[in-house]
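Undergrad: Quick one: the structure is below, questions incoming.
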Amino acid sequence: MKQSFLLGLVLLSPSLLLAQEIPNGDFELWSIQVLFERPDDWDNGNYQDAPVVTTTKVTGAPEGQFAAHLETQILDDDTAFGYVLLGRIDETPVAGVPHGTDVAAVECWLRYDLQPGDTALALAVCWSGGTIVSSGEWRYQGQQTTWMQQTFTLPLAATNVDSVVVAFASTDPFTEGIAQQGSWVEVDDVHLTHPNVPTPDALPNAGFEDWSDVSAEDPDGWASYNARVAGFGFTSVSKSTDANSGAFSAMLATIGAFGDTLPAVLTNGLLNDQGPYAGIPYVATPMQFTGAYKYQPSGMDEAFVGVTFLSGGSPIGNAVQQ
């Protein structure tokens, strides 16, 4: 498994018979892009694919000013669904957020418009001392386009609760093949209740009133995975003041998270899940490729700097420094 490394790049520029600089090859120009808003304290569906926003803030809420809008989107063969989640689910619920009062039901406001064949999901799991003491999954279909108070009752009331998972999704992620483009759910004012608890603990940001921007910063004219990992609080390419020339350089750092790693990639071409592809217009006769870098490996890891020249979409020359 690849381990973390740091790589600083500065002043990337080919030496040419006919000079043509690489745009922003000195990494002096950077821009911040706001990607989406996220509800504070809740994980959400916007993490699935950075260009696709499935979880948004809406007005006209039954309580307070805002509610959460969850919408399923299908692009090519990829499906992204809207969801909000307190706690952590890794195929199954694995960890909750602190909660100290008994739970018999999930109460909330809902409205929804689910496409034929699609099914939305609400879920709750209660722990006590590391053991699940009660859980429930509730599926629903059809349309309810005006706000309605909804109570989802657990099959068994949970006592001595110390943590909970609560989630809502615009399609059931545990059932393959049912997701439909445009299905949506809106949820607001979520509470866990019990008939013997007059004042239950409040869930964090239960009314979805608090939202924060998620943004990513990249050098102008360059692409990285920053937009794809920003929702998790990670940055794979960052602006560094440790520069060989000028004020800034680009620092690349491999991300280790969730039992896996993501190598940092920076390209002046295009970037997808498989890595860099295509490039920028370039007409010149390069003799060499020059720049400066610093490298701090971890273990047996390796990094590389590469350049590829194409004509008519086919490679005609390349060089790699590893």
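Undergrad: Return the residue satisfying two criteria in turn: it lies in segment 130-141 and is modelled with pLDDT of 95 or more and not hydroxyl-bearing (Ser, Thr, Tyr), and of such residues it is nearest to Pro155 (Cα to Cα).
TA: Top of the filtered list is Gly136.
Undergrad: I've got another one for you. I need a count of the residues in segment 149-191 that are of a type outside the set (S, T, N, Q) and over 17 Å from Gly100 (Cβ atoms).
TA: 20
Undergrad: Can you find a residue that is in contact with a Pro (Cβ under 7 Å, 6 or more places away or on another chain), farther than 30 Å from His69 by Cα and aliphatic (A, V, I, L, M) anywhere in segment 289-300?
TA: no
Undergrad: Among the residues of segment 88-109 satisfying the criterion of being among the small types (Gly, Ala, Ser) and more than 16 Å from Val187 (Cβ to Cβ), which is modelled with the lowest pLDDT?
TA: Ranking the qualifying residues of segment 88-109, first place goes to Ala95.
Table: residues versus (1) part of a strand (DSSP E or B); (2) without any contact (Cβ under 8 Å) to a residue 60 or more places away in the chain.
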residue	(1), (2)
Ala243	no, no
Met251	yes, no
Gly256	yes, no
Val265	no, yes
Gly279	no, yes
Tyr293	yes, no
Ser298	no, no
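Undergrad: Looking only at segment 224-238, how many residues end up being closer than 14 Å to Gln33 by Cβ and in a strand (DSSP E or B)? Write out each step before concluding.
TA: First, pick out the residues of segment 224-238 that are closer than 14 Å to Gln33 by Cβ: 224-231, 235, 237.
Among the residues that remain, those that are also in a strand (DSSP E or B) are: 237.
Residues in segment 224-238 being closer than 14 Å to Gln33 by Cβ and in a strand (DSSP E or B): 1 in total.
Undergrad: Now for a different question. Kindly establish whether Gly221 is modelled with pLDDT under 95, more than 15 Å from Gly96 (Cβ to Cβ) and in a loop (DSSP other than H, G, I, E, B).
TA: Criteria met by Gly221.
Undergrad: Restricting the search to segment 111-153, which residues are among the hydroxyl-bearing types (Ser, Thr, Tyr), touching a Lys or Arg at 6+ places or on another chain (Cβ under 8 Å) and assigned to a strand (DSSP E or B)?
TA: Scanning segment 111-153 gives Thr145, Thr146.
Undergrad: Within the bounds of segment 201-211, is there any residue that is at pLDDT below 95 and either assigned by TED's automatic domain parsing to the domain that holds Glu28 or not acidic (Asp, Glu) (or both)? Outline the logic, then answer.
TA: Going residue by residue through segment 201-211, those that are at pLDDT below 95 are none.
No, because not a single residue in segment 201-211 is at pLDDT below 95 and either assigned by TED's automatic domain parsing to the domain that holds Glu28 or not acidic (Asp, Glu) (or both).
Undergrad: Something else now. Out of (1) surrounded by 12 or more Cβ atoms within 10 Å (Cβ to Cβ); (2) modelled with pLDDT of 75 or more, the odd one out for Ala319 is which?
TA: For Ala319, the failing item is (2).
Undergrad: So Thr171 passes all but one of these: (1) surrounded by fewer than 19 Cβ atoms within 10 Å (Cβ to Cβ); (2) of a type in the set (S, T, N, Q); (3) not in a strand (DSSP E or B). Which condition number does it fail?
TA: Every condition holds for Thr171 apart from (1).
Undergrad: Tell me the residue from Ala67, Ala124 that is closer than 23 Å to Thr175 by Cα, over 15 Å from the mean Cα position of the chain (by Cα) and buried (at least 22 other Cβ atoms within 10 Å of the Cβ), please.
TA: The unique qualifying residue is Ala124.
Undergrad: Right, another one. Considering segment 140-161 alone, what residues qualify as being surrounded by 15 or more Cβ atoms within 10 Å (Cβ to Cβ) and over 12 Å from Arg111 (Cα atoms)?
TA: Passing the criteria: Phe152, Leu154, Ala157, Ala158, Thr159, Val161.
The values are calculated or read from the model by the stated rules, or taken from the named source; none is laboratory data. What you see is a predicted model; the values in this text were computed from it and never measured. Here the Cβ is made from the backbone with ideal geometry for all residues, glycine too, and neighbour counts use every protein chain on show.
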